1. Which of the residues that make up segment 226-270 are open to solvent by 20 Å² or more (accessible area, probe 1.4 Å), modelled with pLDDT of 95 or more, within 16 Å of the ligand (Cβ to nearest atom) and part of a strand (DSSP E or B)?
2. Right, ASN27: of a type in the set (S, T, N, Q), over 25 Å from ILE108 (Cα atoms) and without any contact (Cβ under 8 Å) to a residue 40 or more places away in the chain or not?
3. Can you name the condition, by its number, that ALA210 falls short on among (1) touching a residue at least 24 places away in the same chain (Cβ under 8 Å); (2) within 20 Å of PRO273 (Cα to Cα); (3) out of contact with any Phe, Trp or Tyr (no Cβ under 9 Å at 6 or more places or on another chain)?
4. What number of residues within segment 104-131 are among the β-branched types (Val, Ile, Thr) and surrounded by fewer than 20 Cβ atoms within 10 Å (Cβ to Cβ)?
5. Let me confirm something: among VAL277, VAL223, which residue is open to solvent by less than 20 Å² (accessible area, probe 1.4 Å), in contact with a helix residue (DSSP H, G or I) (Cβ under 6 Å, 6 or more places away or on another chain) and away from the ligand (no atom under 14 Å from the Cβ)?
6. Filter segment 153-169 for residues that are touching a residue at least 12 places away in the same chain (Cβ under 8 Å) and away from the ligand (no atom under 16 Å from the Cβ); which is most open to solvent (accessible area, probe 1.4 Å)?
7. If ALA211 meets every condition in (1) loosely packed, with under 15 Cβ neighbours inside 10 Å; (2) within 11 Å of the ligand (Cβ to nearest atom) apart from one, which number is that one?
8. Could you list, in sequence order, all residues of segment 208-225 that are within 22 Å of VAL188 (Cβ to Cβ), part of a loop (DSSP other than H, G, I, E, B) and touching a Lys or Arg at 6+ places or on another chain (Cβ under 7 Å)?
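The values are calculated or read from the model by the stated rules, or taken from the named source; none is laboratory data. All of these numbers come straight from a predicted model, not from anything done at the bench. A quick note on method: Cβ atoms are made from the backbone with ideal geometry, for glycine too, and the neighbour counts reach across all protein chains shown. Each accessible area value is taken on the protein alone, full model and side chains, heavy atoms only, with ligands, DNA and RNA left out. Shrake-Rupley method; radii C 1.70, N 1.55, O 1.52, S 1.80 Å.
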Amino acid sequence: MRLIDGKKIAKKIKSEIAKEVAVIIDNDERAPHLVAVLVGEDAASQTYVESKERACSSVGMTSSAYKHPSNITENELLDIVDFLNKDDEVDGFIVQLPLPDHIDENKILERIDPKKDVDGFHPVNVGRMVLGLPSYVSATPQGIMMLLERSNIGTQSKQVVVVGRSNIVGTPISILLSRKAENANATVTICHSRTKNLKELCASADILIAAIGVCEFIKEDMVKEGAVVIDVGMHRLKSEETKSGFKLKGDVAFDEVSKKCSYITPVPGGVGPMTIVSLIQNTLKAYKKEIYS
Ligand code: NAP
């Protein structure tokens with residue numbers, strides 16, 4: 001079994017991005033700029049935004065966080081989106097989810113200019129992705145595609161099983177892998193909570209992608225000998241064994257599954273670091289007007 005070291009791959013991609021940003025700055029041009037809009041005090045959201053800011057500064061990009069109280073109205077938030085859409089000094093921005101219940105998430109996401117939608121959640125970007133047109137692809141599926149590519153794991157003609165059909169992970173990764181493209185061309189089965197014979201389907205996969213949100217759901221008897229296993233899950237569990245008082249686990253029972261597969265992503269250090277790198281990669285694409293000229 002070989003570990004797919006997401007941390008190492010993410011570091012390499014970050015150094016490639018940093019080199020490009022250094023050239024931009026050497027040419028006396030402004031650095032690419034990512035803005036994160038944060039509503040409320042949700043601790044996990046604050047941590048995500050902070051790690052995005054750290055990732056930006058580590059490659060020389062500018063980042064700003066627009067923080068707002070949870071009682072901000074939907075119209076006020078729409079005005080902020082309009083402002084960022086027009087600000088020429090902002091290349092891309094994200095609105096950190098989840099939003100408070102009184103705000104319609106779809107309404108906010110649809111107001112973002114697709115050209116600045118570096119999270120790839122706008123229907124225009126999702127539609128373009130489905131059609132195989134240049135688009136911003138959401139960070140986690142884009143990160144998984146890069147993990148596979150950079151680990152030289154071929155997908156052509158492979159049987160891929162994706163467990164989970166969310167709009168941000170399961171559905172887009174299924175579409176990306178089944179596309180008629182050099183780094184795709186897989187035969188993809190997408191599973192969910194109503195799927196029958198889930199165990200058998202998973203055990204038939206050459207590449208199994210777990211995006212379920214249930215801690216250690218994928219057990220050894222659901223995995224084919226020699227399969228590639230990508231664990232998207234992220235669960236913060238209390239632990240007395242660690243200094244921080246918690247440890248991270250995935251959707252895959254790593255200890256038992258890792259003995260059986262050819263490649264596996266660890267949690268932490270697998271898909272997670274790639275997600276943030278994809279976001280800063282999209283910000284650089286926005287700066288260079290690579291998707292929409
Ligand atoms: P989600 O929106 O909750 O979707 C979960 C999917 O799993 C749904 O499609 C659901 O089916 C399916 N599912 C749930 N229980 C199932 C079961 N018993 N059998 C078969 N399918 C089942 O989750 P998500 O946003 O995609 O996230 C999935 C996991 O990835 C979470 O642990 C999340 O924290 C993690 N995550 C990590 C990153 C990262 O950067 N590493 C990024 C995003 C998410 P139905 O559609 O039928 O309900």
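1. LYS249
2. Working: of a type in the set (S, T, N, Q): yes; over 25 Å from ILE108 (Cα atoms): yes; without any contact (Cβ under 8 Å) to a residue 40 or more places away in the chain: yes.
Taking the combined requirement at face value, the residue satisfies it.
3. So ALA210 meets the others, but not (3).
4. Of all residues in segment 104-131, those among the β-branched types (Val, Ile, Thr) come to 108, 112, 118, 124, 126, 130.
The next check asks that each one be surrounded by fewer than 20 Cβ atoms within 10 Å (Cβ to Cβ); those that pass are 124, 130.
Matching residues across segment 104-131 total 2.
5. Numbers: VAL277 fails: away from the ligand (no atom under 14 Å from the Cβ).
Testing whether each residue is open to solvent by less than 20 Å² (accessible area, probe 1.4 Å), in contact with a helix residue (DSSP H, G or I) (Cβ under 6 Å, 6 or more places away or on another chain) and away from the ligand (no atom under 14 Å from the Cβ) leaves just VAL223.
6. First pass over segment 153-169, keeping only residues touching a residue at least 12 places away in the same chain (Cβ under 8 Å): 153, 155-169.
Imposing the further condition that a residue be away from the ligand (no atom under 16 Å from the Cβ) reduces the set to 153, 155-159.
Values: ILE153: 19, THR155: 8, GLN156: 107, SER157: 90, LYS158: 70, GLN159: 84 Å².
The extreme case among them is GLN156.
7. Here ALA211 clears every test but (1).
8. VAL223, GLU225
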